[in-house]
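Quick notes on the structure that follows.
Throughout, read-outs are computed from the coordinates displayed, never taken from laboratory work. Note that this is a predicted model, so its numbers are computed, not measured. Note that each Cβ is placed from the backbone with ideal geometry, even for glycine, and that neighbours are counted across all protein chains shown.
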Amino acid sequence: MSKLAHNHDRCVYEALNLAEKLCHERGVRLTPLRRRVLELIWEDHRAIKAYELLERIKPSSQAKPATVYRALDFLIAQGLIHKLERLNAFIGCQCSDRPHEGVLLICSRCGQVKELPVHKPVTALMVTIRQTGFMPRQQIIEVLGLCTACQKILPSSHAIEA
């Protein structure tokens, strides 16, 4: 996604407004630190690691790693962000205001992450998983590959390697 063709300030603004609204409705506090962590996560559509967040917060705050991790745990619990297990990093949730399951498309070249919300579980996969006796509690699927922009940059032979 090109930054020139995309008004990212609007993404940040809308995400923060929605977070404030949802936290108010749920009776939980979006503290200044939690809000700042969410804002930093939404600064880009690339996943960000906890220690990168800490480094960006440090100039204006005395936040410690444990404080940032507690803020991340809160934001996850409220459905405002997703943790990308594969990357051990975080991304803003584009569907915080409604229950959903999703597929996260992660570009292995540029790091962009796009969320594809699905309103029903990936049926065949979930049926197979449940048949094993396993009960999923969260159904987010991470798919690693190349975004459209990176496919245009790389020779076609590299697309398969991702």
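For a quick size check, give me the Cα extents of segment 71-121 along its three principal axes, largest first, whole Å.
30, 28, 14
Among residues other than CYS23 whose Cβ falls under 12 Å from its Cβ, what is the net charge (Lys/Arg +1, Asp/Glu -1)?
Neighbourhood net charge equals +2.
Going toward the positive end of the dipole of the chain, with +1 on Lys and Arg Cβ and -1 on Asp and Glu Cβ, which of ALA71, LEU53, GLY92 do you reach last?
The residue sitting most towards the positive pole is ALA71.
If the chain between ASN17 and CYS95 were fully stretched, how many nm would it gain, using 0.36 nm times the residue separation less the Cα-Cα distance?
26.8 nm
Normalised by the residues of the chain, what does the relative contact order come to in percent, with Cα pairs under 8 Å and at least six apart?
Taking the mean separation of contacting Cα pairs over the length of the chain, I get 19 percent.
How large is the translational diffusion coefficient of the chain in µm² per second when you combine the Kirkwood radius over alpha carbon pairs with Stokes-Einstein at 4 °C and 1.567 mPa s?
75 µm²/s
Got a sec to turn the phi values of segment 105-117 into Karplus ³J(HN,Hα) couplings, 6.51 cos²θ - 1.76 cosθ + 1.60 with θ = phi - 60°, whole Hz, x for Gly and Pro?
Each residue of segment 105-117 in turn: 9, 10, 7, 6, 9, 9, x, 4, 10, 10, 9, 10, x Hz.
Near LYS114, which lysines are there with a Cα under 23 Å away, not counting those fewer than 8 places off in the same chain?
Cross-link targets: LYS3, LYS49, LYS83, LYS152.
What does the extension gain come out to for THR31 and ARG109, with contour length at 0.36 nm per residue minus their alpha carbon separation?
24.6 nm
Would you please classify the overall shape of segment 1-72 from the alpha carbon gyration tensor, given that a ≥ b ≥ c denote the square roots of the eigenvalues, rounded means a/c under 1.5, and beyond that prolate means a/b larger than b/c while oblate covers the rest?
The shape class here is oblate.
So how strong a dipole does the chain carry about its Cα centre when Lys and Arg Cβ are +1 and Asp and Glu Cβ are -1, to the nearest 20 debye?
Roughly 260 debye, rounded to the nearest 20.
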